[in-house]
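Reading through the structure tokens given below for one structure.
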Amino acid sequence: MASETTKYQINFKTHKDGTLVNIYADSIKELETQITDISMISALIKSTEAELYTGPRNVASAPTVESVAQAFGATPVQAAPAAPAGGGNTCRHGVMALREGTSARGPWKGYMCAAPKGATDKCDTIWVR
């Protein structure tokens, strides 16, 4: 428990049900000792939490791309965007929108990048002549 001489405080929150483990120390030496002690009994903390846990059980979650890649020692890559139905152009941000208009120089037409307005990596327009 914290006291007037407490200089260091560390709080850990477990993933399963949010059990809090708090460490208070007056010195770095005391903090290191307490972290080492918690580390040595972490399996006991996990098993006690599992025994007392009252939330949903056996709820399987879908694996993430990162966890699958790690399991196979692979590096994930981003898939290329699918080709638009009925033709058209794509860029690394997705399907490019065909836009048309008229300026002081006459009519214009071009495929515009799907990145949000103001994006710094927006692709160049593909002009239709």
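Read-outs throughout are calculated quantities, based only on the coordinates presented, and are distinct from any laboratory measurement. The model shown is predicted, which means the values in this text are computed figures rather than measured ones.
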Once you have the Cα-Cα distance between D124 and I10, take 0.36 nm times their residue separation minus that, and quote the gain in nm to one decimal. 36.1 nm
Which shape class applies to region 8-52: rounded if a/c is under 1.5, otherwise prolate when a/b exceeds b/c and oblate if not, where a ≥ b ≥ c are the square roots of the Cα gyration tensor eigenvalues? oblate
